[in-house]
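Novice: Pasting a structure here, questions to come.
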Amino acid sequence: MSAQPSPQFVNRLISETSPYLLQHAHNPVDWYPWGPEALARAKAEDKPILLSIGYSACHWCHVMEHECFENPSIAALMNELFVNIKVDREERPDLDTLYMNAVQLMTGRGGWPLTVFLTPDGEPFYGGTYFPPEDRGRMPGFPRILRSVADAYRQRRQDVRQSIAEITAELRRIHEPLDGARTLSPEILTDAYRRLSTRFDHVHGGFGGAPKFPNSMLLSFLLRYWRLTGELHALEMVELSLDKMASGGMYDHLGGGFHRYSTDDQWLVPHFEKMLYDNALLARTYLEAWQATGKPRYRQIVEETLDYVVREMTAPTGGFYATQDADSEGEEGRFFVWTPEEINTLLDEADADLVRRYFDVTEEGNFEGTGKTVLSTPLPLETVARLKEVTPEHLEHVLARAKRILFEAREQRVKPARDEKCLAAWNGLMLYSFARAAAVLERDDYRAVAERNAAFVLGTMYVDGILYRSHKDGQNKFPGYQEDYACYAEGLLALYEATGNVKYFCAARELTEAMLAQFDDPQGGGFFFTGDRHEQLITRVKDVFDNATPSGNSVAVEVLLRLALLTGEQRYRERAEHILQTLSSSMAKMPSGFGQLLGALDFYLASVREIVIVGPPDAAETRELRRVVEEAFRPHRVVALLNPEDGDHAQYVPLVAQRTMHNGQPTAYVCQNFTCQAPVTTPDALRAQLA
């Protein structure tokens, strides 16, 4: 076997751990990671900075790299005119948020790859997203942009300074205190529901048109609104959206899990990358929908999604990986699409005919004119069985066998690359989903996955009181951001509820106290995105809007409210109330950006049940009581499981103090509105108290 040729170019990114940065380590561009060395050189040479931000699963980031950053003549121009910095947005969301806001202010749009031109002091004065290697119609080529920006910096410095002043002032205004004039009341939830109803797609589900994103936080809010008010239309919006997503190409029908978003308004053809956070949030929403409706399909989606994460997105250490790419062998979606001939080769004629019809695989295909098909299930199984004149049971049996065969055949293809860094916030979101699924579905294997993740993060990524943002190749990088503390604390509280192990409660409370100490904004309300230990940028960002992931401020509100109930310490509730009040007007007027916070407001306004179950954790009677708590969608409760042999539990969680088994039997205690009902020992009695 011949040796692989040495790369022609090697730049400073070769020393990084981020897969995205390493993808650019052999570009002819003289890339720097963000840091003092690059900034010092820019100041010493009075050169503007070209900042390029992306992530490893971003298709258009790969395109721009191939077209521009691998082009020696374009790279030479970049090296001549700029100090070039490459950033992984998943490692440095503070930089991404700040400069994305700047580009959106300058151009009215954003996205990745993000291309921003800065002064040596980090001040943005021009930017955009993808640029082609040459002029294309009305889109200027990257070389033209490079020369124009460098000329403006050299020759029209006063104009650049004026632009910087305007942009910086607007960036600071974005993070000024918000108008929190509204009283915290159910009317805010109703106003938000009505606004969301006007944007809802009543044909295909979801909100707006193409491209269409899952918006799982909004769907979870609508479930809570239905539970609070009995408004059936809210539940119907959720069910239509979940049904359409699960039947479309957004869902991986062979391997489980969801792709990033749909390129059309029907959930049919996805952008194929798979993100840990999407699958965490959607698993959560489908689990809640299963509790609300009892639809077996929703449980199936939860289990297939989490099983995919165990199989393909879990490190041997217990951490969860970040992303899987859209591309393989240089083509987007190649791994996931099928032709009729490929299916015919793998199955006998009768089975292949049924499978092609069920998954809508045709000669024409549905993927970009290639003759290939993204699998979807536009018709219910019963309808396909009737059309093909077979029984539903026969078709179900054929499909189960065929899916195994197709999956194994697909496994022989070249797989999309995987970004194997572990991010604290995203691990917290997935920890929550595994912990909740363990409790609701009584899956001890999911509980084990959750506990291994907690052991990894708390044992490896939490060092000397600092939760680190990213871990890869044995290295922690970057002190965690506010969303890391909030999301991982939320996951730990869910794991505490699922296991009754008080060490998870203590860890959640410790992270919350660190968040309060490091990220608090006492003047403006809420939390800053960066903490006291972080690098000071041109302005301090505050994350209040949901994007692909929930706002760290919104997650923190419910964490604080739950801690208040478990500990009896009202300072946590007061802190949560302050954030809710600060954002009260915004969440009613712009509900699309506040799904998570609307759910937290619903929890704040509710008469929350405080449930303590006392009994040996493995006893059948204890499990039966726990099953009653989880058999329906009950978002307005906190749960503590108390092992009678755990004598120290009450000193950490006052809610369980003086709770004992009644007559030697596992016992449930239910309190609400400062009043406790009589302890009960049977499932029927507990069910009656929770009705």
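Rule-based calculations on the coordinates, nothing more; no lab input. Here the structure is a predicted model, which is why all the values come from computation and not from measurement. Note that we place each Cβ from the backbone using ideal geometry, even for glycine, and neighbour counts take in every protein chain shown.
Novice: Given a Förster radius of 56 Å and the C-beta distance between residue 517 and residue 442 as r, what FRET efficiency does 1/(1 + (r/R0)^6) yield to the nearest 0.05? Walk me through the numbers before you get to the answer.
Specialist: Working: r = 38 Å, r/R0 = 0.68.
The computed FRET efficiency comes out at 0.90.
Novice: Could you list which residues have their amide H under 5 Å from that of residue 467, counting only those 5 or more apart in sequence or on another chain, with H placed in the peptide plane?
Specialist: Those lying under 5 Å, H to H, from residue 467 are 480.
Novice: Could you point to the label whose value was computed as Cα extents along the principal axes in Å for the structure here, given [x] 84, 69, 54; [y] 98, 70, 45; [z] 98, 94, 50?
Specialist: Given [x] 84, 69, 54; [y] 98, 70, 45; [z] 98, 94, 50, the calculated one carries the label [x].
Novice: Also, I was wondering about something else. Arrange the peptides 111-121, 427-437, 457-467 so that the one whose residues have, on average, the most other Cβ atoms within 10 Å appears first.
Specialist: Values: 111-121: 20.5, 427-437: 27.3, 457-467: 16.5.
With the highest mean Cβ count within 10 Å placed first, the list reads 427-437, 111-121, 457-467.
Novice: Right, another one. Which order do the peptides 313-325, 556-568, 9-21 take when ranked by the mean count of other beta-carbon atoms within 10 Å per residue, highest first? Walk me through the numbers on the way to the answer.
Specialist: On the way: 313-325: 21.5, 556-568: 23.1, 9-21: 18.8.
Order by mean packing, descending: 556-568, 313-325, 9-21.
Novice: Spit out the partnerless Cys residues in the chain, using Cβ distances under 4.7 Å as the pairing rule.
Specialist: Cysteines lacking a close Cβ partner in the chain: 68, 422, 487, 506.
Novice: State the extension gain, in nm to one decimal, for the chain segment bounded by residue 194 and residue 40, taking 0.36 nm per residue of separation less the distance between their alpha-carbons.
Specialist: Values: separation 154, 0.36 × 154 = 55.44 nm, distance 5.21 nm.
Full extension of this stretch gives 50.2 nm more.
Novice: Follow-up. Taking the Cβ-Cβ separation of residue 536 and residue 651 as r and a Förster radius of 51 Å, what is the calculated FRET efficiency to the nearest 0.05? Could you put the intermediate results ahead of the total?
Specialist: On the way: r = 40 Å, r/R0 = 0.78.
With R0 = 51 Å, the Cβ-Cβ based efficiency is 0.80.
Novice: Go through segment 53-66 residue by residue and turn each phi into a ³J(HN,Hα) via Karplus (6.51, -1.76, 1.60, θ = phi - 60°); whole Hz please, and just put x for glycine and proline.
Specialist: Whole-Hz 3J(HN,Hα) from phi for segment 53-66: 10, x, 8, 5, 8, 7, 4, 6, 5, 5, 4, 5, 4, 5.
Novice: Under 5 Å between amide hydrogens, which residues at least 5 positions from residue 529 or on another chain qualify, with H placed 1.01 Å from N in the peptide plane?
Specialist: Residues meeting the criterion, in which the H sits 1.01 Å from N, are 541, 542, 543.
Novice: Take residue 155 and residue 475, extend 7 Å from each Cα along the Cα→Cβ direction, and tell me the distance between the two endpoints in nm.
Specialist: Distance between the two pseudo-spin positions: 4.2 nm.
Novice: At 222 nm, what value in deg cm²/dmol follows for the chain if DSSP H runs of at least 4 each add -39500 (n - 2.57) and the sum is divided by all its residues, to the nearest 500? Kindly include the intermediate steps, with their values, before the conclusion.
Specialist: Working: 27 runs with 337 residues, N = 691.
Here the helix-only value at 222 nm equals -15500 deg cm²/dmol.
Novice: Tell me, what HN-Hα J-couplings in whole Hz come from the Karplus equation 6.51 cos²θ - 1.76 cosθ + 1.60 at θ = phi - 60° for each residue of segment 401-410, using x for Gly and Pro?
Specialist: Residue by residue, segment 401-410 yields 5, 5, 4, 5, 5, 5, 4, 5, 5, 5 Hz.
Novice: For residue 274, list the lysines whose Cα falls under 26 Å from its own Cα; do not include residues on the same chain fewer than 8 positions away.
Specialist: Reachable lysines: 86, 212, 244, 295, 372, 403, 415, 421, 472, 477.
Novice: Contour minus end-to-end for residue 15 and residue 311, with contour as 0.36 nm per residue of separation and end-to-end as the Cα-Cα distance? Working shown, then result.
Specialist: Numbers: separation 296, 0.36 × 296 = 106.56 nm, distance 2.92 nm.
Between residue 15 and residue 311, full extension yields 103.6 nm more.
Novice: Cut-off 13 Å, label point 7 angstrom out along Cα-to-Cβ of residue 619: give me the residues of segment 669-691 whose amide nitrogen falls inside.
Specialist: Flagged as within label range: 669, 680-683.
Novice: Sticking with this structure for a sec: Using 0.36 nm per residue, how much length does the chain from residue 570 to residue 22 gain when fully extended, once their Cα-Cα distance is taken away?
Specialist: On the way: separation 548, 0.36 × 548 = 197.28 nm, distance 4.75 nm.
Contour length minus Cα-Cα distance gives 192.5 nm.
Novice: Indicate the gyration tensor shape class of segment 12-174 (rounded, prolate or oblate), computed on the Cα atoms with a ≥ b ≥ c the square roots of the eigenvalues: a/c under 1.5 is rounded; otherwise a/b larger than b/c is prolate and the rest oblate.
Specialist: Judged from the Cα gyration tensor, segment 12-174 comes out rounded (a/c under 1.5).
Novice: If you don't mind, another one. At a Förster radius of 30 Å, what calculated FRET efficiency corresponds to the Cβ-Cβ distance of residue 59 and residue 202, to the nearest 0.05? All intermediate terms of the calculation are to be shown ahead of the outcome.
Specialist: On the way: r = 31 Å, r/R0 = 1.02.
Computed FRET efficiency for residue 59 and residue 202 comes out at 0.45.
Novice: Residues of segment 490-516 with amide nitrogen under 11 Å from the 7 Å Cα-to-Cβ point of residue 464?
Specialist: It comes to no residues whatsoever.
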